[in-house]
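Below is one structure; the comments refer to it alone.
The values are calculated or read from the model by the stated rules, or taken from the named source; none is laboratory data. Treat the numbers as computed from the prediction; the structure is a model and nothing was measured. Cβ sites come from the backbone with ideal geometry, for glycine too, and all protein chains shown count toward neighbours. The area values use the complete protein model at the heavy-atom level, side chains included, leaving out ligands, DNA and RNA. Shrake-Rupley method; radii C 1.70, N 1.55, O 1.52, S 1.80 Å.
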Amino acid sequence: MKAWSVGDPDNGGDEWEQEIRLTEEAVQAINKLNPKPKFFVLCGDLVHAMPGEKWRKEQEQDLKNILKKVDQGIPLVFVSGNHDIGNTPTPETIEAYCRSWGDDYFSFWVGGVLFLVLNSQLYFDSSKCPELKEAHDKWLSEQLAIAEQKRCKHAIIFQHIPLFLKNVKEDHDYFNIEGSLRQELLARFHKAGIKAVFSGHYHQNAGGTHNGLDMVVSSAIGCQLGEDTHGLRVVIVTADKIIHKYYSLTELNNQGIEKKLMDLIKQK
């Protein structure tokens, strides 16, 4: 947040007290939720310092110390972002991430729902790790085949970089997936019956729909690049739909989830 406020992304990351306080607020809000969420997912950019930069170890350790306070009954799911493995990831940066936070891509099941965690940096620039990109693509094809065979109630994807921010035909820029690759992935996801893709990266709330797929872009606990407030997105999955709402940390801590969504949870 300091780096953004002073306009110096390279040297402005030497303070992160605001992020510590906000993340503690987020953990408090999560721990208050009743019933407990099935899991808590961080959609990338766990810390600000890029691989190899000073303050990296200190920022990672501070984040881990706060996340240890999350109720032990709520699993944590981590997604790799550009600040975690670099804009141009290498085998070394990915290996370092995996040592600290777990696999950079994987799948898991909760209540008959298949969740896929992708490494979207491999879509941004895999020039220094083509073999890892190939392995990732092979794995993704296998997972999408499982989803296509309708072995799951829903299939949902988490990835740091959004497919698109508002419109599937929008121009490519730093905050979305390149146009031709976007169309290819959307076709594959549609064929497999993927219902939603949840992303971060943009530091603003955004998103849209395409062929029944909900592209959900959530803002951040920390640095805001738009008009949103520091917050979290609550997602409720029922047998026939996926509902979500972004809450400010203050709102979620003080009022909790609104009655309309709580009624859906009780119906489940």
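List the longest stretch of the chain that has no exposed loop site; here a site is one of the chymotrypsin sites (Phe, Trp or Tyr not before Pro) assigned by DSSP to anything other than H, G, I, E or B, with at most 14 other Cβ within 10 Å.
Within the chain, the longest run free of exposed chymotrypsin sites (Phe, Trp or Tyr not before Pro) spans 40-173.
When the helix-only estimate is applied to the chain (DSSP H runs of n ≥ 4, each -39,500 (n - 2.57), divided by the residue count), what is the mean residue ellipticity at 222 nm, nearest 500 deg cm²/dmol?
-11000 deg cm²/dmol
Fully extended, how many nm does the chain gain between LYS57 and LYS38 (0.36 nm per residue separation, minus their Cα-Cα distance)?
Gain on stretching LYS57 to LYS38: 3.9 nm.
How many angstrom lie between the C-alpha centres of segment 202-247 and segment 73-107?
21 Å
Near LYS68, which aspartates and glutamates are there with a Cα under 17 Å away, not counting those fewer than 8 places off in the same chain?
Within the straight-line limit of under 17 Å, LYS68 reaches these aspartates and glutamates: GLU19, GLU24, GLU25, GLU58, GLU60.
Full-extension gain between LEU76 and ASP14, please, as 0.36 nm times their residue separation minus the C-alpha to C-alpha distance.
Full extension from LEU76 to ASP14 adds 19.7 nm.
Please give the net charge around HIS244, taking every other residue with its beta carbon less than 9 angstrom from that of HIS244, where Lys and Arg add +1 and Asp and Glu add -1.
After counting each charged neighbour, the total is +1.
Scan segment 206-264 for GluC sites (Glu not before Pro) in coil per DSSP, keeping those whose Cβ has at most 10 other Cβ atoms within 10 Å, and list them by number.
GLU227
Tell me, what is the per residue accessible area of segment 17-266 in Å², probe radius 1.4 Å?
On a per-residue basis, segment 17-266 sits at 47 Å².
Assign unit charges at the C-beta atoms only (+1 for Lys and Arg, -1 for Asp and Glu), then state the dipole size of segment 17-266 relative to its Cα centre in Debye, rounded to the nearest 20.
Around 1080 debye, computed over segment 17-266.
Can you list the residues, at least 5 places off or on another chain, whose amide H is less than 5 Å from the amide H of GLY231, using H built in the peptide plane?
Hits under the 5 Å cutoff: ALA220, ILE221, LEU249.
Normalise the Cα radius of gyration of the chain by 2.2 N^0.38 Å (N = residues in it) and let me know the number.
0.97
What ³J(HN,Hα) values, in whole Hz, does the Karplus curve 6.51 cos²θ - 1.76 cosθ + 1.60 give for segment 97-114 when θ = phi - 60°, with x put for Gly and Pro?
3J(HN,Hα) across segment 97-114, in whole Hz: 4, 4, 5, 7, 10, x, 4, 7, 8, 5, 10, 7, 10, 9, x, x, 9, 8.
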